[in-house]
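The values are calculated or read from the model by the stated rules, or taken from the named source; none is laboratory data. Being a predicted model, the structure only gives us computed values, none of them experimental. Methodologically, a virtual Cβ is constructed for each residue, glycine included, from the backbone with ideal geometry; neighbour enumeration extends over all protein chains shown. The area values use the complete protein model at the heavy-atom level, side chains included, leaving out ligands, DNA and RNA. Shrake-Rupley method; radii C 1.70, N 1.55, O 1.52, S 1.80 Å.
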Amino acid sequence: MKAMITPATAADRLIGDSMESDTTHHLGIAMFARTPGSGGKSRLASTWGRERTDIFYEHCLRCGAEWLQADQEAAKPYWAVTGASQKISNPWGSIKTIEQCAGSLGARMAQISSELMQNHQYWCLVGTDIPQMPPLTTLQISVRLQNADIVFGPSGDGGFWLIAGSCLIPEEVWTKVRYSHADTMDQFISILSKEVVGVTIDTSLPLQYDVDLEKDLLPLRRELKANRHCCSPAQQQLLQWLESHEAGLR
C-alpha cells in the first residue's frame, strides 16, 4: 500500500534553546555542514591536502552563511551540523543550529526535514559543497512549493543540491535511496512516486555542480569568475583565494 506524506513527529534536537514555532516564516531552510576542523571533504583532502581543504571548506561555510541570510524575511535559516571538534570559535554565527542525528545520510535528512516541518509550513535542505549557488532570493522556493509537493535542485553528478517540501517524505523513502550515485535523484523520484500517493515534483531549478574532487575546483573558479559582477562578498573572497592557489588547481 502506498504511503501518505504525513506531518512531522520527530523530537526537537536543537542545540541550546528549544526550537520554538516560528509563524513569521513559512519556509525553514537548513544547510548541512560539518564543524570546521572535524574532517570532512575526505576525497578532496586525499589529493589536495587537508590544510588547503579545510581552508576551502571555511570559505564554503562563509558563502553558505551569506546565502542562508539573504532572504530572512521569507525564510528562517538553520545550520544542520555534525562534527565534534571545533577550531573556530562559534563558526555558526547568529544562525540557529540543529544537531544531526546518528545514522545514514537519508536518516539524517529525514530527521532535519521533520524538525523544520514542526515549526514551518515548508522545509528545505541544502549542502555546503556548492558555494556558487544562485542567490536564495532568485529561487522562489516558497512559490514553487505552492504548486508542487517536493522541489529538487538537480546536480551535475546525478544527485541533487537542494530538496524542499510542503509536506514530509516518509523516512523509508529517504533511506531506500543510494546516495552519491549517478542516478541518485532519479532513484529518489522513482521510489517517492511509487511509495507516496499523488506526489507532485518540480525539478526545474538550475543545474549545479558540487565540489567533491580536486578536478571540480577549476570549474568552480571559472564559474565564480564569469559571474564576478554578481558574486556575494564571501564568494568574492573565495574566488580571490582560489586565484591565489591557481597553480595548485588541476
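Brief remarks follow.
- Output for region 194-250, where each listed residue is among the polar types (S, T, N, Q) and under 20 Å from the mean Cα position of the chain (by Cα): T203, S204, Q208, S232, Q235
- Test for T175: is it hydroxyl-bearing (S, T, Y), at pLDDT 95 or above and either surrounded by 19 or more Cβ atoms within 10 Å (Cβ to Cβ) or over 21 Å from C60 (Cβ atoms) (or both): yes
- Among the criteria (1) modelled with pLDDT of 95 or more; (2) more than 11 Å from I29 (Cα to Cα), the one S113 does not fulfil is (2).
- Of the residues making up region 72-85, not a single one is among the polar types (S, T, N, Q) and open to solvent by less than 40 Å² (accessible area, probe 1.4 Å).
- Matching entry among F160, F188 (being under 29 Å from Q146 (Cα atoms) and either in contact with a helix residue (DSSP H, G or I) (Cβ under 7 Å, 6 or more places away or on another chain) or exposed (fewer than 13 other Cβ atoms within 10 Å of the Cβ) (or both)): F160
- Residues that are part of a helix (DSSP H, G or I) and open to solvent by 60 Å² or more (accessible area, probe 1.4 Å), drawn from region 196-218: K215
- Condition broken by A182, with the remaining ones in (1) out of contact with any helix residue (DSSP H, G or I) (no Cβ under 7 Å at 6 or more places or on another chain); (2) at pLDDT 95 or above satisfied: (2)
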